Amino acid sequence: SPRDLENGSALTLVSRRFVQSTALAIVLIASCIGLTVQFHWWHAVAQSGSPQAVQGKWAHWKRKHIKNNLDRPPCLFWKGKLHWGCGKKAPQTPKKRSKPTFGLAGVNLGGWLHLEDWFFSGSEGTKVMSTDPNGQGLCLPPRISSLDKPWPSEGILVSRLNKTIGPNKTLEAFAAHRETFIQDKDFFQIAAVGLGVLRVPITWAAFADALRPINPEIYGSHDPDQDEIIVPDPHYANEAALVTIPRDFLLRLLYMAKHYGLRVHFDMHSLPGGSGHGTYNGVYPLKPAFWTANASLAKEQNITLRDTGLLIAKAMVNWVESLTPEVRGSIAGLTFMNEPAHMNAIGKENFLTDDDSVLDWLASAAHIFRQSTLPEEGIRLYVSVIETSIHDFGCAFIKHAKCGFDRKVPTWWQKTFTKKERMKWAVIDLHRYDAYSAGQCDGRVGVGGAYKCSDPLKVKRKVWNDPDQVRSCTAGWARSFQEKFPYSLRAATELSGSTYWNPKVACNDLKTVAAYIDTQSRLMKENFIDEQFFWTWRMPHGANFEPAWSLKGILGFEKGRKSPCIRPHNQTVNKSNTDNNEASDGPPENKSSDK
């Protein structure tokens, strides 16, 4: 009525009905969207002919709907996670960058896309590289805070989880870990302290599709850009498996690094069948089979595991070449195999292959890189070698000891790469860990080492600098590195602040740790080892190792609540893995420069 209109009641009624109608429409639209998404998901599952692809699509359907769109700038920072096209403003980069912390060139992002058990040992870890076949891994936060029994390597962990909690929950656990372990704040902090390069250890599962020639159904039925699926080890198919790393995840990583002015060095840290001894190899405690065995899953032809390594190296190169020039510029280099045949030279029970076969494989992999466009684009090949792979390796720590490494590797290096290549893109890479020097260079709380933790810094520095050349500690090792590999690009892509392999008796005080890192970096630079990378950035689930192995912790950035890593109440610690004997020289099979 005119009076109602005059009083506004009719308008109120119309407004109310409009709001109700609008709300109903929104609900209907939202329901339709939800049904569409569900239909898309179930249709994809129904159309998939592979259980592995079903697993991957289930774990990644959300990421599928945040499809990457290269026509617009990617948004990577929504809720601290890596995403595409989220429409949010990326956080600012550091306004001021300090000089490189400790003079380091970069830092490793270990424990993120490649797992080692000691990173997840809670407060019970006692060895940097487990010698107990049971391993030290107790968890995989944030989804898994405890397990029925410890895990020794990533491949064994994935296989066990797949058999016990099922593929879907296994994929969920790995997706949750990868999304939370390293976030944008980590990139910000690394850039802010002046570091320039991220060395990112990955597993062969990032390029699992390269193994299609072995078995197309198992390795060729997923989308390598988008899917996380569970793939078995080509040799230990029933015992070990890995979760693929979608290449779009690596692409997001590159965009994030570029945003912060960082470059990325992708390091293939484990290969099919295990290419070295140790929990990092992906199949421990199974015997490394890479050098001598065939792929047991091959359908029609005998393909050696050595061949699978070359297929993966080729796939790495092809992927980098396929990136846009802008993204490719964020890649500093590649490593095709980390620490080849580590522990090969220690004891008959560890013998993997003859020395020359290791060097031959490295030369074949290097030729793949040489034939690509990458050398001309400023991308380097880091050729990792390790003293323990070559027999009579004792000179790594003991002066005047037999030195098969020095007799063979430098000669091979100069024959394999021209002087121009060695000065432009081929980098000789040696790791340095005095924690395994068996009393020659290590420091401990008690007796047995080269110095005690309670000794003044000048005593410790004398050991590290070794002015009298009594030992082959950091200074002697750095001089030898320069002399044996002249006219070459040199790098030490792994070093730490740890003075001993057992963290419970190592010197973990900040003063010693900081001085030790600084001394190592300075001595290496003085001997023209221009790139040094700290191992590693963070270890929030390995409390015993944090003081000397986590650069984030050493710098005081590791704050906030940490996910628990606990052993079930019905489990007890294996006594053989908690030996605190301060005078011990360490496990006999583990006296090396490697972790």
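The values are calculated or read from the model by the stated rules, or taken from the named source; none is laboratory data. Treat the numbers as computed from the prediction; the structure is a model and nothing was measured. Every residue, glycine among them, receives a Cβ derived from its backbone with ideal geometry; neighbour counts consider all protein chains shown. Surface areas here come from the heavy atoms of the whole protein model, side chains and all, with no ligands, DNA or RNA. Shrake-Rupley method; radii C 1.70, N 1.55, O 1.52, S 1.80 Å.
With the requirement that a residue be within 17 Å of Q183 (Cα to Cα) and more than 17 Å from the chain's Cα centre (by Cα), what does segment 104-142 give you? If the condition is that a residue be within 17 Å of Q183 (Cα to Cα) and more than 17 Å from the chain's Cα centre (by Cα), then P142 is the only one that fits.
Does L211 satisfy being under 30 Å from L555 (Cα atoms), touching a residue at least 24 places away in the same chain (Cβ under 8 Å), open to solvent by less than 10 Å² (accessible area, probe 1.4 Å) and not charged (D, E, K, R)? Break it down stepwise before answering.
Details: under 30 Å from L555 (Cα atoms): no; touching a residue at least 24 places away in the same chain (Cβ under 8 Å): yes; open to solvent by less than 10 Å² (accessible area, probe 1.4 Å): yes; not charged (D, E, K, R): yes.
When the stated conditions are applied, L211 does not pass them.
I'd like the full set of residues that are open to solvent by 30 Å² or more (accessible area, probe 1.4 Å) and modelled with pLDDT of 95 or more, limited to segment 422-439. The answer is M423, K424.
For segment 180-196, the tally of residues that are open to solvent by less than 20 Å² (accessible area, probe 1.4 Å) and either in contact with a Phe, Trp or Tyr (Cβ under 7 Å, 6 or more places away or on another chain) or under 29 Å from M337 (Cβ atoms) (or both) stands at 7. Note on segment 541-561: among residues that are touching a residue at least 60 places away in the same chain (Cβ under 8 Å) and in a loop (DSSP other than H, G, I, E, B), the one that is surrounded by the fewest Cβ atoms within 10 Å (Cβ to Cβ) is L555.
Checking each residue in segment 440-459 for being open to solvent by less than 30 Å² (accessible area, probe 1.4 Å) and basic (K, R) picks out only R444. The set of residues in segment 465-487 being at negative phi, open to solvent by 10 Å² or more (accessible area, probe 1.4 Å) and not in a helix (DSSP H, G or I) consists of P467, D468, V470, R471, S472, P486.
Check every one of the helices (runs of 4 or more DSSP H) wholly within segment 110-198 and list those with 2 or more residues that are without any contact (Cβ under 8 Å) to a residue 40 or more places away in the chain.
On the way: elements: 154-164, 167-181, 184-192.
The qualifying helices (runs of 4 or more DSSP H) are 154-164, 167-181.
For segment 179-211, filtering for residues that are modelled with pLDDT under 95 and within 15 Å of T244 (Cα to Cα) leaves 1. In the set (1) surrounded by fewer than 24 Cβ atoms within 10 Å (Cβ to Cβ); (2) in contact (Cβ under 8 Å) with a residue 24 or more places away in the chain; (3) part of a helix (DSSP H, G or I), K462 fails one condition alone, (2).
For segment 295-334, which residues satisfy the criterion of being polar (S, T, N, Q) and open to solvent by less than 10 Å² (accessible area, probe 1.4 Å)? Listed by number, the residues that qualify are T308, S330.
Just wondering, is there one or more residues in segment 159-169 that are at pLDDT 95 or above, in contact with a strand residue (DSSP E or B) (Cβ under 7 Å, 6 or more places away or on another chain), within 18 Å of I230 (Cα to Cα) and surrounded by 24 or more Cβ atoms within 10 Å (Cβ to Cβ)?
Filtering segment 159-169 down to residues at pLDDT 95 or above leaves 159-169.
This time we only want the ones that are in contact with a strand residue (DSSP E or B) (Cβ under 7 Å, 6 or more places away or on another chain), so: 159-160, 162, 167.
From what's left, within 18 Å of I230 (Cα to Cα): 159-160, 162, 167.
Right, trim to surrounded by 24 or more Cβ atoms within 10 Å (Cβ to Cβ) and you get 159.
Checked segment 159-169: at least one residue is at pLDDT 95 or above, in contact with a strand residue (DSSP E or B) (Cβ under 7 Å, 6 or more places away or on another chain), within 18 Å of I230 (Cα to Cα) and surrounded by 24 or more Cβ atoms within 10 Å (Cβ to Cβ).
Of the set (1) in contact (Cβ under 8 Å) with a residue 60 or more places away in the chain; (2) touching a Lys or Arg at 6+ places or on another chain (Cβ under 9 Å); (3) of a type outside the set (D, E, K, R), all apply to V320 but (1).
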